[in-house]
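Notes for the one structure printed next.
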There are 4 protein chains.
Amino acid sequence: MSGVIQVGVVGATGYTGVELLRLLARHPEVRLRTVTSRGEAGRAVAEVFPSLRGFVDLRYEAPETERLAACDLVFFATPNGTAMEMAPALLDAGVRVIDLAADFRLRDAAEWARWYGREHACPGLLAEAVYGLPEVARERIRTARLVANPGCYPTAVQLGFLPLLEAGVVDPAWLVADCKSGVSGAGRGARVDILLAEAADSMKAYAVAGHRHWPEIRQGLAAAAGGEVGLTFVPHLAPMIRGIHATLYARLTARDVDLQELYASRYAGEPFVDVMPAGSHPETRSVRGANVCRIAVHRPGGGDTVVVCAVIDNLVKGAAGQAVQNMNLMFGLDERAGLDQPALMP
Amino acid sequence: MSGVIQVGVVGATGYTGVELLRLLARHPEVRLRTVTSRGEAGRAVAEVFPSLRGFVDLRYEAPETERLAACDLVFFATPNGTAMEMAPALLDAGVRVIDLAADFRLRDAAEWARWYGREHACPGLLAEAVYGLPEVARERIRTARLVANPGCYPTAVQLGFLPLLEAGVVDPAWLVADCKSGVSGAGRGARVDILLAEAADSMKAYAVAGHRHWPEIRQGLAAAAGGEVGLTFVPHLAPMIRGIHATLYARLTARDVDLQELYASRYAGEPFVDVMPAGSHPETRSVRGANVCRIAVHRPGGGDTVVVCAVIDNLVKGAAGQAVQNMNLMFGLDERAGLDQPALMP
Amino acid sequence: MSGVIQVGVVGATGYTGVELLRLLARHPEVRLRTVTSRGEAGRAVAEVFPSLRGFVDLRYEAPETERLAACDLVFFATPNGTAMEMAPALLDAGVRVIDLAADFRLRDAAEWARWYGREHACPGLLAEAVYGLPEVARERIRTARLVANPGCYPTAVQLGFLPLLEAGVVDPAWLVADCKSGVSGAGRGARVDILLAEAADSMKAYAVAGHRHWPEIRQGLAAAAGGEVGLTFVPHLAPMIRGIHATLYARLTARDVDLQELYASRYAGEPFVDVMPAGSHPETRSVRGANVCRIAVHRPGGGDTVVVCAVIDNLVKGAAGQAVQNMNLMFGLDERAGLDQPALMP
Amino acid sequence: MSGVIQVGVVGATGYTGVELLRLLARHPEVRLRTVTSRGEAGRAVAEVFPSLRGFVDLRYEAPETERLAACDLVFFATPNGTAMEMAPALLDAGVRVIDLAADFRLRDAAEWARWYGREHACPGLLAEAVYGLPEVARERIRTARLVANPGCYPTAVQLGFLPLLEAGVVDPAWLVADCKSGVSGAGRGARVDILLAEAADSMKAYAVAGHRHWPEIRQGLAAAAGGEVGLTFVPHLAPMIRGIHATLYARLTARDVDLQELYASRYAGEPFVDVMPAGSHPETRSVRGANVCRIAVHRPGGGDTVVVCAVIDNLVKGAAGQAVQNMNLMFGLDERAGLDQPALMP
């Protein structure tokens, strides 16, 4: 790869967008060229986000295809439904695209329409889009024009379940994913239920009847299992800023499986999956700000239930960091470029 | 019941102890007579806990059986292993006892020894002790001399699962309890792992391999199910002060069961169990400081998995409030006496 | 006083409103008759606030003068500007009024207009309205038709400075009030800056150039000092739900003043001001949910600077609790009625 | 400068120590050679701090002078009193030393003894030690053998007051520093008062009668003012992990001073002091994890009081980051090396 990558970020006022700016600002091979926001157009990025003072000199622009078409790569950190409107023109112009929203995550346009409440604007691209979980699709990502960056819960749940399903050692019909997320996962929009005075010092489940990440997770697990899976997925809102803790339950069908070895070998060589020693309890803070998924696998009492704990930073390995990882793959860079920092602890 | 109940509290410097003082200080039928602490003997209670200034005038005393024997009722808010040493003498003196620790919760002395790492000091009392979950044992509690106040997780998990197991509508072999607790559940001892700078803004599971509340829960659920149960119990530390959110998973075996009606009828008339409307997501803050368990039952996608959300304040319905509820029953008072306050929200 | 007080609450969906409902629901002499909200009219109060399930059976109504006119007392827990529109008609109908907003706090209509950005709707009532700080105006409150309930910061700052200014022992020209507030003080409206993901784990000052509570505080301190005061007031947003910690600085002009004795005697007999022992550091959690202001006075190094720490729960002694205290005075009840509960700690 | 710097860290199990490891692990010119801890000797660093898995491969060693003497530079991240015992031997061996504790911060051995409760072990070194605030002593730091890294509060307070005092535009006799610190400032020792269940959702002042950082701040401010200063310093514990917000009050004596310009010119070219635009309110989260002090200066109502808000991350610019900055100066590196990362926000 010769030369610096010219990058645009569409919708960089939400948490995934500003996290992308944080990572890209120090990426050795990237030049941030265009940062857009309808609401903040004209303001300096560093005025809206003082944490970027001295690191990002740009002003927000209104999102215009012509400006973006001059980039090598455009990230969409927009609400669902924006990328599918703008991406086709950019792809036609030879720009590669990574969508951090959900527009290209489901392969079935009808299912997409059912969960997202509208028709898909470019269903023809769903087959081409590569689901950007490098631990599953690394080679296809390298050559992709269009990458669908996975959701935060789907990243943690898939990485946690994959070794079991690929090895066929659990009953795929009876999977439970109990997930706890920090509040930044709900976005930076003004809403009463995520005010500090509402969400601090409290926990609750939400969307038990059905969450948009359920079909995304199910699609990935079914591919790993080679057939349908039965998945119960319950997300919870936890009183913290960042972090997802996925606690996964499955029923062992195989005897004499060495779970620790299964996970260690599945993720050997993966730069951003850390299989912890047997008996570990990963904390979400151990990945705060870092592009890593830490996993521990347990078998309580030596019984037939497997318990997997997988933690990520929802804004990094669950969003912006994984997007940068995908960019690195797409442009032939070291997969670790710009992502090689330890977590912020405490 | 005529006359005020003379009450002693042993070990009132931990969180369950001071919560007991908060509740007893305003209880209309109680006189706090003796409050003990080895470490703080001689100091005014309100000096150690300024929130009680103007409400509790006593000084901590060293725990002495003679002083305590003058009470009608003694609460033990002590570490495990203290009540079993002191309770026999008090019972002999005609004092009734409620132990908020674990000394009398398991009926099997061998199992107790296995989980608590020592021999039980008075195994003969295990058969007499009444497990103080009023929703199960109300009548036996009324006449009990010795009540084993349930643990915090066991209260939430049992109240959440009981209707399903009593009705026999789920497979008892495959129960999952994923529980999230505020940090006060870990006690008021000086420990690094529960410092604010360690536990805030983070989540983790702990004791996945086995937690002392597991045999306690299993004992209660087996009684409800009329036979052995298979239970996976994973506790998590959540970055909040109070509250337990139990998320329970079971597999329906019955068809055409109306889960909402099942829960509503099971807990009809219960003063401290609140079955919420269908589709609800109870928040732990909705019970902060209040002696209530709020429960919602879900059946995602109309499938064969039941998801129950049960929330309590670990220090109230999970400890001190339930102890006062038991006291009210034991002394023929209105079960709501001293407990009839709404939660503190926000 | 014979008979129960019929009470209406206008605007009971914000934090001061729902806190008022919590307190009034258990007040022994009150019947909650009408609870209004434009936005939630028709919904059950306990549906919006599940913490009140079992305590408040009412539904929100649209605010109508006729319905409210049947009350003995109406509380306004509304945004600034509402009470001044509705109060005159209610007063004419013989209803007494307590406004928890700012409409009647300033005596000077021109200053009110300057700080609140519009003309006052009934400036003639400003002279009649009694500023409801019982520690200053107890006797006038008893007979008031219209009480202006003090702001949260003004309550803490005035109670903290009063003894010094009344005694004339500090330089009134050089007062500093550095105040830290929990986020509930910013209200329950949807705003980005008070989202958990924005406000948690962080601190900032705000409105350093000028805050609406500044003229209110200055008015009260000037009355105490018997002349103008020079006040610098800097509010800060602290990452907590409830609580104000006011740290006050003044320059001693008197010699040989016993500050501890000064405070103790000034507040002797006050039911809701707690002067702590010399050397104390009051914590906001020691007043969480309780109608009390705890104060400690220091003189570092025996020098000429006085440091006063005053803590309140901004929603209780800083709003709803003080309003109930005022109601008790207005209706000849025990000043402590409905307010006699210890703080929730931890 | 040729070659990598061989670095040792003594006492790397506290928060400043582990933060130093986080920064040094990615520093382009450093090789971490020896990391010591009496308590954890033999354990892998990354086992104690999983956030460092993959970044630090070392095991803790017992602190031995011989091992440390092979380093070019040794950091002491130890409790007060350790560095003064070990530093002389290292200095004799030609090792340069940065002490992050307080052993070399005060120039007067008698004052040190008064505040730290014991005699100083090597008072002769106090005159040689350079107080490591680069914005004041950059040139002397470059050649120092022994650097006393400033305390967290002293860094924020001095950087905030310096322009005013150096310019002589305020009354030095009447300075107030009201400071709010995250709980990590209290260290990683097991203590009840900093448990999450004690310190969360609450605020308090502490050490109002006198704090060890007071003489340190006073010493620095006196040097800037060219004479004695009168300083009132009140630290507060805020319910957050990291961050200090210093709110500073002074009385203007000069007329027609352009405060914004004064600060901008004083800190022009400083790589790690960010003077924000007029009217700003810096948040501590805007410096989370970053080696920067952001400052805003206000003059409320155009009056004679100056209010300065200065924020730092207590573990970075207030400790480990500043230590790395000092190291960079001492070894002729780019002052920004290893420190050029934006804050983690949200």
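Every number in this text was worked out from the coordinates using simple rules, so none of it is lab data. In this text the structure is predicted, and so the values were computed from the model without any measurement. Heads up, the Cβs are rebuilt from the backbone with ideal geometry, glycines too, and the neighbour counts pull from every protein chain shown.
Using alpha-carbon pairs under 8 Å, 6+ residues apart, how would you state the relative contact order of the stretch C:25-118 in percent?
21
Which of these, A:Thr247, A:Thr143, A:Thr34, has the largest mean-square fluctuation under a Gaussian network model of chain A (Cα springs below 10 Å)?
A:Thr143
Exposure proxy check: B:Arg33, D:Arg242 ranked by fewest other beta carbons within 10 Å?
In order of increasing Cβ crowding within 10 Å: B:Arg33, D:Arg242.
What is the spread of the Cα atoms of the protein assembly as shown along each of their three principal axes, largest first, in whole Å?
If we take the Cα atoms of the protein assembly as shown, the spans are 87, 81, 64 Å.
Given Cα pairs under 8 Å that are at least 6 residues apart, what percent is the relative contact order of the stretch D:4-69?
Relative CO of the stretch D:4-69 lands at 32 percent.
Using alpha carbons only, how many angstrom separate the centre of the stretch B:1-66 from the centre of the stretch C:262-308?
With the stretch B:1-66 and the stretch C:262-308 each reduced to a Cα centre, they are spaced 24 Å.
Work out from phi, with θ = phi - 60° and the Karplus expression 6.51 cos²θ - 1.76 cosθ + 1.60, the ³J(HN,Hα) of each residue of the stretch A:31-37, listed in order in whole Hz, and give x for Gly and Pro.
With coefficients 6.51, -1.76 and 1.60, one gets 10, 6, 10, 9, 10, 10, 6 Hz.
Please report the antiparallel percentage of DSSP beta bridges with both residues in chain A, rounded to the nearest 5.
45
What whole-number distance in Å separates the alpha-carbon centres of the stretch C:315-346 and the stretch D:91-162?
So the two Cα centres are separated by 52 Å.
Compute the acute angle (0 to 90°) between the alpha-carbon long axis of helix C:152-167 and the principal axis of greatest extent of the alpha-carbon atoms of chain C; round to the nearest 10°.
With rounding to tens, the tilt is 40 degrees.
Determine, at each q value in 0.07, 0.08, 0.09, 0.14 (inverse angstroms), the log₁₀ of I(q)/I(0) that the Debye formula gives when each Cα of chain B is one equal point scatterer.
Debye output, listed in q order: -0.28, -0.36, -0.46, -1.15.
How large is ³J(HN,Hα) for each residue in the stretch A:229-238, as worked out from phi by the Karplus curve 6.51 cos²θ - 1.76 cosθ + 1.60 (θ = phi - 60°), to whole Hz, x for Gly and Pro?
Along the stretch A:229-238, the couplings run 10, x, 10, 9, 10, 10, x, 10, 9, 10 Hz.
At what distance in nm do the modelled label points of C:Ala70 and D:Thr65 sit from each other, each positioned 7 Å from its Cα along Cα→Cβ?
About 8.9 nm separates the two model spin labels.
Could you name the aspartates and glutamates in cross-link range of B:Lys204, using Cα to Cα under 18 Å and dropping any fewer than eight places away on the same chain?
Within the straight-line cut-off, B:Lys204 pairs with A:Asp178, A:Asp201, A:Asp274, A:Glu283, A:Asp313, B:Asp178, B:Asp193, D:Glu47.
Determine the sum of side-chain charges near C:Gly210: Lys and Arg each +1, Asp and Glu each -1, restricted to other residues whose C-beta is under 14 angstrom from that of C:Gly210.
+2
Testing the spin-label approximation: label points 7 Å from Cα along Cα→Cβ at D:Glu47 and C:Arg145. State their distance in nm.
A separation of 7.9 nm, rounded to one decimal place.
Quick one: which residues, 5 or more positions from A:Val170 or on another chain, have an amide H under 5 Å from its amide H? H modelled 1.01 Å from N in the peptide plane, none for Pro or chain starts.
The list, which skips near neighbours in sequence, is A:Thr253.
At a 10 Å Cβ-Cβ cut-off, how would you order C:Met327, C:Met86, fewest neighbours first? Mind showing how you got there, number by number?
Working: C:Met327 30, C:Met86 21.
So the residues, fewest neighbours to most, are C:Met86, C:Met327.
Within a Cβ distance under 10 Å of D:Ala83, other residues only, what is the Lys/Arg minus Asp/Glu net charge?
On the way: positive: none; negative: D:Glu85, D:Asp99, D:Asp103.
Residues near D:Ala83 contribute -3 overall.
So how far apart, in nm, are the two label points at C:Gln6 and A:Asp258 if each is 7 Å from Cα heading toward Cβ?
With each label point 7 Å from Cα toward Cβ, the separation is 8.1 nm.
Rounded to whole Hz and in sequence order, give me ³J(HN,Hα) for the stretch B:192-202 from the Karplus expression 6.51 cos²θ - 1.76 cosθ + 1.60, θ = phi - 60°, writing x for Gly and Pro.
Using θ = phi - 60°, the values come out as 5, 5, 10, 4, 4, 5, 9, 9, 6, 6, 7 Hz.
Can you sort C:Ile98, C:Ile141 from fewest to most other Cβ atoms within 10 Å of each residue's own Cβ?
So the ranking, lowest neighbour count to highest, is C:Ile141, C:Ile98.
Residues of C:52-62, mean number of Cβ from any other protein chain within 10 Å of their own Cβ, rounded to a whole number? List each step's numbers first, then the result.
Working: counts 4, 8, 7, 5, 1, 0, 0, 0, 0, 0, 0.
The per-residue average across the peptide is 2.
Taking amide hydrogens as modeled 1.01 Å from N in the peptide plane, which residues meet the under 5 Å criterion relative to B:Thr232, leaving out close sequence neighbours?
B:Leu175, B:Val176, B:Ala177
Helix-only estimate, please: 222 nm mean residue ellipticity of chain A, summing -39500 (n - 2.57) across DSSP H runs of length 4 or more and dividing by its residues, to the nearest 500.
For chain A, the value works out to -8000 deg cm²/dmol.
DSSP beta bridges in the protein assembly as shown, what fraction antiparallel, as a percent rounded to 5?
45
Mean separation of Cα pairs under 8 Å and 6+ residues apart, divided by the residue count of chain B: what relative contact order is that in percent?
Numbers: 755 pairs, mean separation 59.3, N = 346.
Averaging sequence separation for qualifying contacts and normalising by length gives 17 percent for chain B.
Based on the Cβ-Cβ distance from A:Ala207 to B:Ser265, what FRET efficiency comes out when R0 is 35 Å, to the nearest 0.05?
0.80
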